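*Asks:* My structure is below; once you've seen it, I'll send some questions.
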Amino acid sequence: MGQNGGMQRYDAIVIGGGLVGSAIAYGLQRAGLDAALVDEGDVAFRASRGNFGLVWVQSKGLGAPHYQRWTRLSAEEWPKLAAELGERTGVAVGLEQPGGLQLCLGEGEFSERQATMEQMRAEAGNFGFEYRMLGRDELEETLPGLGAEVTGGSWTPYDGHVNSLYLLHALHRGFLARRGTYIPNRTIDYAGVAPNDFRLGSGADEVCAPKVVLAAGLGNAALAPLFGLCAPVRPQRGQILVTERTERTWPIPLGSLRQTLEGSIMLGSSEEEVGFDTGQKPEVMQAIAARAVRTFPWLAELQIVRAWAALRVMPPDGKPIYDESVRFSGAFTANCHSGVTLAGAHANVFAPMVAAGSLDPMMMPFSAKRFDVPAAA
Ligand SMILES: Cc1cc2nc3c(=O)[nH]c(=O)nc-3n(C[C@H](O)[C@H](O)[C@H](O)COP(=O)(O)OP(=O)(O)OC[C@H]3O[C@@H](n4cnc5c(N)ncnc54)[C@H](O)[C@@H]3O)c2cc1C
């Protein structure tokens, strides 16, 4: 967009410079498109700057095998993406994929978890799903200092973690290095739409392109109808606590507990339905800390040095929404609550589909049409 108004033309415009939009914009630019990435600025609800950093597979897609496969595909794409970003930008995103463990407190949690993992395996069918339920005895060898209530946990080889702030930074740098155009501090508040012809406005400025990807997080709910699409996402608050650095190490991320490469331990994260309230609540922080200390009593010795709240971008059924407009071909949406985990798929699989002009049939179950339930008679 020109400084004093005017119109710039691109092959594609991505609205939203969080983790979802920047991964897609990076992938589009790599696919040879001249893309613009337009972002409202650091006034959003910080999902991309306030998350837990897991590349987490083991519980994604229960009852929805297409989502399980999509998450697994993303985890497989992750090493390529991390290596490429490192080479292109010099930013090491700190990806580690040693597998992951979800720890259980009490027999009830253990048997519930076992049933969940068995359902995941059954639903994977020929695709396969490797998991093990590990008893407390096995865990004690690798995780000394376990609390008395820990009964065991579920393990899969697919999980990992990353520094998600470095990821966001690397995606932006990689996009710029591939000569993408980043347009910050612009809120798209006007859209002139026709099939494969989109004019998007912010004040006096306009950008136009034959393709547009709506990746504006919670902003997609208002934007999507302008393009004949639907993205009924809602905010869900999550709070996270971070300890001082410690030498004690875990070889593997533990679901709601993970140790960063620098040595801090992250404790998280709540799931609260409080609308757009980004406040921190002492009782929620206490509950997060209490569960962590029940799991590893030695954590009580560490100081909490940081804590924050951020809003997840949550579809009604918790599964991602990817769609393309029937009325206005060339317009796409992308929303999910696991934008770190899915970055590999967004950059390496979703973006090439957009570049090619339409979504692969494998994406059909992710369409928001699934929410069009006929009213009961
Ligand atoms: C507490 C917490 C823990 C999490 N932990 C994990 C985890 O461990 N692993 C994982 O995979 N995921 C995790 N997530 C989820 C992950 O952070 C999100 O899925 C991801 O950040 C969503 O990215 P986004 O780009 O869709 O949204 P956002 O980060 O909200 O970005 C959307 C962008 O769009 C811009 N925008 C909005 N409207 C407009 C407009 N009209 N015009 C221009 N720009 C606009 C905004 O400014 C914003 O920058 C967590 C989230 C939270 C809150």
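The values are calculated or read from the model by the stated rules, or taken from the named source; none is laboratory data. Small disclaimer: the values here were computed from a predicted structure and weren't measured. Note: ideal-geometry Cβ built from the backbone for every residue, glycine included; neighbour counts use all protein chains shown.
*Asks:* Out of the residues in region 224-246 that are under 25 Å from Val293 (Cβ atoms) and charged (D, E, K, R), which is surrounded by the most Cβ atoms within 10 Å (Cβ to Cβ)?
*Replies:* Arg237
*Asks:* Are any residues in region 179-191 modelled with pLDDT under 95 and over 22 Å from Arg49 (Cβ atoms), and if so, which ones?
*Replies:* Result: Asp189, Tyr190, Ala191.
*Asks:* Regarding region 293-308, can at least one residue be identified that is assigned to a helix (DSSP H, G or I), within 13 Å of the ligand (Cβ to nearest atom) and either farther than 30 Å from Gly106 by Cα or not small (Gly, Ala, Ser) (or both)?
*Replies:* no
*Asks:* Further question on the same structure: Mind checking which residues of region 221-245 are in contact with a Ser or Thr (Cβ under 8 Å, 6 or more places away or on another chain), of a type outside the set (Asp, Glu) and under 28 Å from Ala307 (Cβ atoms)?
*Replies:* Arg237, Gly238, Gln239, Ile240, Val242, Thr243, Arg245, listed by residue number.
*Asks:* For region 82-125, give me each residue that is β-branched (Val, Ile, Thr) and surrounded by fewer than 18 Cβ atoms within 10 Å (Cβ to Cβ).
*Replies:* Selection gives Thr116 alone.
*Asks:* Turning to a different aspect of this structure: Looking only at region 151-192, count how many residues are more than 21 Å from Phe332 (Cβ to Cβ) and outside any helix (DSSP H, G or I).
*Replies:* Counting residues in region 151-192 that are more than 21 Å from Phe332 (Cβ to Cβ) and outside any helix (DSSP H, G or I) gives 16.
*Asks:* Given the options Pro365, Pro315, name the one that is under 30 Å from Pro282 (Cα atoms) and surrounded by fewer than 22 Cβ atoms within 10 Å (Cβ to Cβ).
*Replies:* Pro315
*Asks:* Here's something else I'd like to know. Just wondering, is there one or more residues in region 48-69 that are surrounded by fewer than 18 Cβ atoms within 10 Å (Cβ to Cβ), closer than 25 Å to Val207 by Cβ, among the small types (Gly, Ala, Ser) and at pLDDT below 95?
*Replies:* no
*Asks:* Condition first: within 23 Å of Asn51 (Cβ to Cβ) and within 25 Å of the chain's Cα centre (by Cα). Can you find one or more residues in region 225-232 that meet it?
*Replies:* For region 225-232, residues within 23 Å of Asn51 (Cβ to Cβ) and within 25 Å of the chain's Cα centre (by Cα): present.
*Asks:* Which condition does Thr249 not pass, out of (1) in a loop (DSSP other than H, G, I, E, B); (2) within 13 Å of the ligand (Cβ to nearest atom); (3) surrounded by fewer than 22 Cβ atoms within 10 Å (Cβ to Cβ), if it passes all the others?
*Replies:* That leaves (2) as the condition not met.
*Asks:* Just the residues that are in contact with a Leu (Cβ under 9 Å, 6 or more places away or on another chain) and on the phi < 0 side of the Ramachandran plot, please, taken from region 38-57.
*Replies:* Within region 38-57, Val38, Ala44, Phe45, Ala47, Ser48, Arg49, Gly50, Asn51, Val55 meet the criteria.
*Asks:* Anything in region 24-75 that is part of a loop (DSSP other than H, G, I, E, B), among the aliphatic types (A, V, I, L, M) and more than 9 Å from the ligand (Cβ to nearest atom)? List them, or say none.
*Replies:* Correct list: Ala31, Leu33, Val57, Leu62, Ala64.
*Asks:* Restricting to region 159-192, and then to whatever is of a type in the set (D, E, K, R) and over 16 Å from the mean Cα position of the chain (by Cα), can you tell me which residue is surrounded by the fewest Cβ atoms within 10 Å (Cβ to Cβ)?
*Replies:* So, considering only residues that are of a type in the set (D, E, K, R) and over 16 Å from the mean Cα position of the chain (by Cα), the one surrounded by the fewest Cβ atoms within 10 Å (Cβ to Cβ) is Arg179.
*Asks:* Could you grab me the full set of residues in region 193-223 that are buried (at least 21 other Cβ atoms within 10 Å of the Cβ), within 13 Å of the ligand (Cβ to nearest atom) and not in a strand (DSSP E or B)?
*Replies:* Within region 193-223, Ala215, Ala216, Gly217, Leu218, Gly219, Asn220, Leu223 qualify.
*Asks:* Based on this model, can you work out whether Ala309 counts as closer than 30 Å to Ala64 by Cβ, of a type in the set (Gly, Ala, Ser), out of contact with any helix residue (DSSP H, G or I) (no Cβ under 8 Å at 6 or more places or on another chain) and buried (at least 16 other Cβ atoms within 10 Å of the Cβ)?
*Replies:* When the stated conditions are applied, Ala309 passes them.
*Asks:* Of Val313, Val340, which residue is assigned to a loop (DSSP other than H, G, I, E, B) and either more than 11 Å from Cys230 (Cα to Cα) or within 13 Å of the ligand (Cβ to nearest atom) (or both)?
*Replies:* The unique qualifying residue is Val340.
*Asks:* Residue under question is Gln286, and the condition is that it be in a loop (DSSP other than H, G, I, E, B) and over 20 Å from the mean Cα position of the chain (by Cα); does it hold?
*Replies:* No.
*Asks:* Same structure, new question: So, in region 79-110, how many residues would count as being farther than 20 Å from Phe296 by Cα and of a type in the set (A, V, I, L, M, F, W, C)?
*Replies:* Summing the residues that are farther than 20 Å from Phe296 by Cα and of a type in the set (A, V, I, L, M, F, W, C) in region 79-110 gives 8.
*Asks:* Could you list, ordered by first residue, the pairs with Cβ atoms under 6 Å in which the first is in region 119-130 and within 12 Å of Ser154 (Cβ to Cβ) and the second is in a helix (DSSP H, G or I) and at pLDDT 95 or above, at least 6 apart or interchain?
*Replies:* From residues that are within 12 Å of Ser154 (Cβ to Cβ), the pairs are Phe129/Met120; Phe129/Arg121.
*Asks:* Within the set of pairs 6 or more residues apart or between chains, which connect a residue that is among the aliphatic types (A, V, I, L, M) inside region 309-330 to a residue that is surrounded by fewer than 19 Cβ atoms within 10 Å (Cβ to Cβ) and assigned to a loop (DSSP other than H, G, I, E, B) with Cβ atoms less than 6 Å apart?
*Replies:* Close Cβ pairs (under 6 Å, with a partner that is surrounded by fewer than 19 Cβ atoms within 10 Å (Cβ to Cβ) and assigned to a loop (DSSP other than H, G, I, E, B)) amount to Ala309/Thr278; Ala309/Gln280; Ala310/Arg46.
*Asks:* Please verify whether Gly180 is within 23 Å of Leu19 (Cβ to Cβ) and away from the ligand (no atom under 11 Å from the Cβ), treating the condition exactly as stated.
*Replies:* yes
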